[in-house]
Amino acid sequence: MPEVVLRSGHVQPVWAGHPWVFAQAIERIVGDPKPGDEVDVIDARQNFLGRGLFSPKSAIRVRLFTRDDERFDRDLLVQRLRAAEDKRVLLGIRSDEPGRVTDSYRSLYGEGDDLPGLIVDRLGSALSVQFTTVGMALRRELVLDALEEVYAPSAIVDRTAVKAAQAEGFQAQGGVARGQLSGFEVRERGLYFALPLELGQKTGFYFDQRPLRDVVERLSRGREVLDAYSFVGAGGLSAARGGASRVLSVDSSEVAVRVGREAARANELNVEFLEEDAEQVLEQSSDRFDLVLVDPPKFAHGRAQKEKAARAFRRLIGLAVRAARRGGLVCVSSCSQAIDASDLTRALALGARDQGRRAQVIERVFQGADHPVPAAFPEGLYLSSIIAVLS
């Protein structure tokens, strides 16, 4: 087994449970590991810290999958997949409760479920997967076999991102990998969505915002709601079911808007969908809504873009604040780990002040329990949402 020896001063995070070994933390490599090979991670005193998969083209050279002397094989995969599913059943994420049926969620969340480089979403009877490291991609067929054994899905769709694959040095395959499928049928908290395969964002649905949709439903009664960057309108549909007097969902994607309209009809909810640039709609709105939801695409893909992203959030939040009536609510979300809850709160304060308003935070929401985060891995907490009252 090749060995990756850590520099003095870089051992503590890995010892405490962080699953990543960065290039600058490595003193030397013993042996000649190839891309995707298993390697042992040790300190200068030859203490074993864990075993991971090697990614020579990435700044993250090793992602640990175990702290024990075990190999990456089908048995390990099946055990981890079953443990992840048992966790979600225990937490009540999967539900058969009448009116709140949920058969779709994140089944496996990479490092959060001890399988770095693999994301698995359950969408009804089918699965959607992403391979994000060369080590996991090289074991693609092994992974697919294990997924079929554990879940017996009707189909498995590979939604690996091309850019992520290029960064790791492998080619994304994509498409329906196992079975046959024309689209996904999703039930979340009793709401039904029919998602065509052409709807290509991430694995097909944003399950991480489920807790926020619960909050939005609770806060929407009697309010006029603007759901900006709505995608297929899961937030807007939640607001309508919560008793909103009016809901306007805005997205620039023709496919997402079409799917949202069909979902509104299927769920017998009154939601108006607009295919338009959400920022332009915000710019044209003033004192019109009682609740404004703003969930833009990722502004910062890394720490180097943090300052620019913070400025973009400040401006966007200012537009959202102006679109809301005094005494109304604004909810803003960041899906970038580089912009955390404190950064988002500062952008909210400044954006509100720019409009001569004051924002009082009443609730903070993060990604759902189907996106677990190891205590030693702060990078795993990437989604933050803040809800504030405006005065």
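The values are calculated or read from the model by the stated rules, or taken from the named source; none is laboratory data. Remember, predicted model here, so these are calculated numbers, not experimental data. Every residue, glycine among them, receives a Cβ derived from its backbone with ideal geometry; neighbour counts consider all protein chains shown.
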Cβ-Cβ under 8 Å pairs, at least 6 apart or on other chains, region 53-68 side assigned by TED's automatic domain parsing to the domain that holds PRO35, far side surrounded by fewer than 16 Cβ atoms within 10 Å (Cβ to Cβ) and in a loop (DSSP other than H, G, I, E, B): PHE54/PRO2; PHE54/LYS34; SER55/GLY169; PRO56/GLY169; LYS57/GLY169
Can you find even one residue in region 82-99 that is at negative phi and either outside the structural domain of VAL143 (by TED's automatic domain parsing) or touching a Leu at 6+ places or on another chain (Cβ under 7 Å) (or both)? yes
Residue tally, condition among the β-branched types (Val, Ile, Thr) and under 13 Å from ALA263 (Cα atoms), over region 216-250: 1
Just the residues that are closer than 20 Å to THR132 by Cα, of a type outside the set (A, V, I, L, M, F, W, C) and outside the structural domain of ASP121 (by TED's automatic domain parsing), please, taken from region 173-201. GLY200, GLN201
Just need a number here: residues in region 357-384 that are under 15 Å from the mean Cα position of the chain (by Cα) and not small (Gly, Ala, Ser). 12
Of VAL330, VAL373, the only residue that is touching a strand residue (DSSP E or B) at 6+ places or on another chain (Cβ under 9 Å) and either part of a strand (DSSP E or B) or within 26 Å of SER252 (Cβ to Cβ) (or both) is VAL330
Which of the residues belonging to region 1-30 are surrounded by 12 or more Cβ atoms within 10 Å (Cβ to Cβ) and of a type in the set (Gly, Ala, Ser)? GLY17, ALA23, ALA25
Right, GLU268: assigned to a loop (DSSP other than H, G, I, E, B) and acidic (Asp, Glu) or not? yes
Out of all the residues in region 31-45, which are at pLDDT 95 or above and either of a type in the set (Lys, Arg) or surrounded by fewer than 16 Cβ atoms within 10 Å (Cβ to Cβ) (or both)? GLY31, ASP32, LYS34
Scanning region 262-284 for residues that are under 19 Å from LEU191 (Cα atoms) and either touching a residue at least 60 places away in the same chain (Cβ under 8 Å) or surrounded by fewer than 17 Cβ atoms within 10 Å (Cβ to Cβ) (or both) gives GLU262, ALA263, ARG265, ALA266, ASN267, GLU268, ASN270, GLU272
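Residues are listed down the side, and each one gets a yes or a no for (1) at pLDDT 95 or above; (2) within 15 Å of ILE119 (Cα to Cα); (3) part of a loop (DSSP other than H, G, I, E, B):
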site: TYR192; (1), (2), (3): yes, no, no
site: GLU198; (1), (2), (3): no, no, yes
site: GLY204; (1), (2), (3): no, yes, yes
site: GLN209; (1), (2), (3): yes, no, no
Regarding region 153-176, can at least one residue be identified that is acidic (Asp, Glu), under 16 Å from LEU81 (Cα atoms) and without any contact (Cβ under 8 Å) to a residue 60 or more places away in the chain? no
Only one residue in ALA320, ALA338, ALA310 is touching a residue at least 12 places away in the same chain (Cβ under 8 Å) and either in the same structural domain as ARG88 (by TED's automatic domain parsing) or in a loop (DSSP other than H, G, I, E, B) (or both), so which one is that? ALA338
Quick check on region 318-336. Is at least one of its residues surrounded by fewer than 16 Cβ atoms within 10 Å (Cβ to Cβ), among the charged types (D, E, K, R) and under 15 Å from LEU291 (Cα atoms)? yes
Looking at (1) in a strand (DSSP E or B); (2) among the aliphatic types (A, V, I, L, M); (3) within 18 Å of the chain's Cα centre (by Cα), which one does ILE387 not meet, given that it meets all the others? (3)
